[in-house]
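The values are calculated or read from the model by the stated rules, or taken from the named source; none is laboratory data. This one's a predicted model, so the numbers in the text were calculated from it and none came from an experiment. Here the Cβ positions follow ideal geometry from the backbone for every residue, glycine too, while neighbour counts run over all protein chains shown.
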Amino acid sequence: MNFHDFNFDSRLLEGILSMGYDKPTPIQEKAVPAILHNKDLIACAQTGTGKTAAYILPIMQKILLSDRRHVNTLVLAPTRELAQQIDQQVEAFGYFTGISSMPVYGGGDGVTWEQQKKAIKEGIDLVIATPGRLISHMSSGDLKMEHLQHLVLDEADRMLDMGFYDDILRIIGYLPKKRQTLLFSATMPPKIRTLASKILNEPEQISIAISKPAEGIIQQAYLVHNEQKLDLLTTILKSGSYSSILIFASTKENVKKLDSTLRKTGFQCKAFHSDLVQSEREEIMREFKNKNCQFSLERMCFPGY
Ligand code: AMP
């Protein structure tokens, strides 16, 4: 199978090929036809499977054929960084199509808020948002959703772990009842099933087997007590010649503690969490990508540190 088989508009196809994609991944093979057929969808798929393109591409195809474009689609994502990444993918795929998108998240200064409001008023096809900031736009009346045709929940399990359950239901209260809803999640705990039963209509279900790590990647797990973790971590870090390392911890406090301990041990690292302002977050991402900082420490929803 290849992307021509989906009968995408030639402008969209050009964007896909310019990204270097030549054939669909398994989740894309299954999800694209279901979405093009207006089905609701519950998909169990991890990051790395190509899940973003699996929903973005058919939605963009439908937007090209739609006369209801302002705001046609809402994508909810747990973090600002994921919202930015999805927005960048829309921009890349949509380069030849004229489809517009806008990431909406908190933490910016007044200029960003004004820019977001102006762009929304002028008319955009897709809004990609974290739940908190979106609620302020909606309740202030700046964001009208009466033309909405598609709602996507990306990384739904992470959104629930981060406490967004009520916010999500509140946002859905502002949306038209007649819409297509797509829910993507790496795991399917009972809370996700409950949410799905509330917001999806006779969904198709897709489950993609947990993806194997890429060739050359070693996955290891160590069973240790809490008090042994720091010693183990520093031993591992000192034993290899690592240049870029991401370390995830369960809470902001643990990220800060780990950051200060690793710095005292002589490691160059930066703590990354939601107490930082947006410009600081972007600076850390830049430094990490440019390899000016060796580690980035992030808060994640894993038990542990
Ligand atoms: P995702 O699971 O959406 O985070 O995507 C993981 C990575 O796979 C991203 O870098 C995508 O650009 C890339 N990707 C997604 N679909 C394809 C495809 N069909 N061919 C090549 N790369 C892809």
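Observations
- Residue list for the range 22-31, restricted to those being part of a loop (DSSP other than H, G, I, E, B) and within 20 Å of the chain's Cα centre (by Cα): PRO24, THR25
- Candidate set from the range 58-77 (those that are in a loop (DSSP other than H, G, I, E, B) and more than 13 Å from the ligand (Cβ to nearest atom)); member that is farthest from LEU143 (Cα to Cα): LEU65
- Restricting the range 36-57 to residues that are modelled with pLDDT of 95 or more and part of a loop (DSSP other than H, G, I, E, B), the residue that is farthest from the ligand (Cβ to nearest atom): ASN38
- ILE16 vs. criteria assigned by TED's automatic domain parsing to the domain that holds PHE184, under 29 Å from ARG193 (Cβ atoms) and not small (Gly, Ala, Ser): no
- Checked against (1) closer than 24 Å to THR52 by Cβ; (2) without any contact (Cβ under 8 Å) to a residue 12 or more places away in the chain, LEU232 passes all but condition (1).
- Criterion (modelled with pLDDT of 95 or more and closer than 18 Å to ILE171 by Cβ) met by exactly one of ILE86, ILE135, ILE124: ILE86
- Of the helices (runs of 4 or more DSSP H) entirely within the range 78-149, those holding at least 3 residues that are within 16 Å of the ligand (Cβ to nearest atom) and in the same structural domain as GLY50 (by TED's automatic domain parsing) occupy 80-93.
- Here is the figure for the range 64-77: residues that are surrounded by fewer than 21 Cβ atoms within 10 Å (Cβ to Cβ) and either among the polar types (S, T, N, Q) or outside the structural domain of ASP142 (by TED's automatic domain parsing) (or both) total 1.
- Check on LEU233, more than 23 Å from ASN290 (Cβ to Cβ), modelled with pLDDT of 85 or more, crowded, with 16+ Cβ neighbours inside 10 Å and not assigned by TED's automatic domain parsing to the domain that holds GLY163: yes
- Scanning the range 166-201 for residues that are closer than 23 Å to ASP87 by Cα and either hydroxyl-bearing (Ser, Thr, Tyr) or not assigned by TED's automatic domain parsing to the domain that holds LYS39 (or both) yields TYR174, THR181, SER185.
- Residue in the range 1-35 that is nearest to the ligand (Cβ to nearest atom), counting only those that are more than 15 Å from THR181 (Cβ to Cβ) and β-branched (Val, Ile, Thr): THR25
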